[in-house]
1. Got at least one residue in segment 189-210 being open to solvent by less than 40 Å² (accessible area, probe 1.4 Å), more than 26 Å from G339 (Cβ to Cβ) and touching a Leu at 6+ places or on another chain (Cβ under 6 Å)?
2. Taking strands (runs of 3 or more DSSP E) that do not extend beyond segment 47-100, which have at least 2 residues that are touching a Leu at 6+ places or on another chain (Cβ under 9 Å) and crowded, with 19+ Cβ neighbours inside 10 Å?
3. Specify which of the listed residues (F331, F225) is out of contact with any Pro (no Cβ under 9 Å at 6 or more places or on another chain), closer than 22 Å to K197 by Cα and surrounded by 23 or more Cβ atoms within 10 Å (Cβ to Cβ).
4. Suppose we keep only residues that are of a type in the set (K, R) and over 23 Å from the mean Cα position of the chain (by Cα) within segment 116-173. Which one would you say is farthest from L300 (Cα to Cα)?
5. What number of residues in segment 156-172 are open to solvent by less than 70 Å² (accessible area, probe 1.4 Å), out of contact with any Gly (no Cβ under 6 Å at 6 or more places or on another chain) and not in a loop (DSSP other than H, G, I, E, B)?
6. Report, by residue number, each residue of segment 224-251 that is over 15 Å from T177 (Cβ atoms) and not in a loop (DSSP other than H, G, I, E, B).
7. Considering only residues that are of a type in the set (F, W, Y) and over 19 Å from L324 (Cα atoms), look in segment 254-309 and name the one that is most open to solvent (accessible area, probe 1.4 Å).
8. Would a scan of segment 28-40 turn up a residue that is closer than 21 Å to E88 by Cα and in contact with a Cys (Cβ under 6 Å, 6 or more places away or on another chain)?
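The values are calculated or read from the model by the stated rules, or taken from the named source; none is laboratory data. Treat the numbers as computed from the prediction; the structure is a model and nothing was measured. Backbone-built Cβ (ideal geometry, glycine too); neighbour counts: all protein chains shown. Note: areas computed on protein heavy atoms with side chains; ligands, DNA, RNA excluded. Shrake-Rupley method; radii C 1.70, N 1.55, O 1.52, S 1.80 Å.
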Amino acid sequence: MKLIKTTEAVGHILCQDMTQIIRGVTKDARFRKGHVVTEQDIPVLLSMGKDFLYIWEKQEGMLHEDEGARMLCDLCKNSWMKESSIKEGKIELSSEIDGLFCVDVQRLDAINSLGELMIATRSNHQPVCKGDKLAGMRVIPLTIAQQKLQQAQELAGGQPLLRVLPYQKKKCGIVTTGNEVFYGRIEDTFSPVVAEKLQAFGGEILGITLCGDQPEQITAAIHAFFAQGAQLVVCTGGMSVDPDDRTPAAIRRSGAQVVSYGAPVLPGAMFLLSYLDGKPVVGLPGCAMYAKRTIFDLVLPRLMADVPVTAADLARLGNGGLCLSCESCHFPNCGFGKGCV
């Protein structure tokens, strides 16, 4: 540390908090340790009786915490993101749009493993709204070796760690299966639930087709929606292993390539995901009709943001894939699905 005149301190880093006392108004730190003194600060510091200041002596190869935070932010920031001002060596990023938040977890883990610096984010593949906080980053000590930040840059590899992907306004078809609905024995209460979830992400509902339990009918309904320009088809019901549940077979008959039939998520174990010419065809089990949140809520944002979902992606949902059915649901601000990468 070095003692210098306050009038000569512009650009230097304070070694300690500077408390300002104004009787009846405030008694608090006006300037925090690590603050970089500006021209506007000089009159304030002098009014506080600070004619001299202890400052950090700048060293070759060392960066102030604000400089380190700036470099970390540059590794993270991407399109549709807004950054905060630097406060106490920390920068935060927030979303400028509604969309799907994506994290390159492998690169993030590698950078956080360096020590003396940190980047904290929301969970990967989480839906976010405009204004939502996405990430915060800072270096831990007041100063940090420039070489450490250069290592972080090398691990980042020249591509931002984070993305916010806007939802695509997809045309969607809903195929509701089951003789009980087809013949009017019971009311179709499944399709309205699915339609509402699709519309929440900008989906346009082309229509709802009621089918019996014959696989040929279901397959024909899937093809009919794609012929109308659908970009996503959701089939509801008939997803269990019972002999009279025919939806999985009907989806396969359509020519769709099944990614997975079954997933380690409750509710939603009998979920089916497939793609027909690159367009998703989804089979929803009955739980999606009555449970507040299911696997459909975890996968749908990705489908609407055109993020491919693989069998490995679905397998990873097991960690965090148990919904606790809280009396007051606060998804997605909970642990459901948060174990996935």
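1. No, there is no match, as no residue in segment 189-210 is open to solvent by less than 40 Å² (accessible area, probe 1.4 Å), more than 26 Å from G339 (Cβ to Cβ) and touching a Leu at 6+ places or on another chain (Cβ under 6 Å).
2. By residue number, 52-56, 62-64, 90-95.
3. Answer to the check: F225.
4. K148
5. 2
6. Once the filter is applied, which keeps residues that are over 15 Å from T177 (Cβ atoms) and not in a loop (DSSP other than H, G, I, E, B), segment 224-251 yields F226, A227, L232.
7. Filtering segment 254-309 for residues that are of a type in the set (F, W, Y) and over 19 Å from L324 (Cα atoms), the one most open to solvent (accessible area, probe 1.4 Å) comes out as Y261.
8. no
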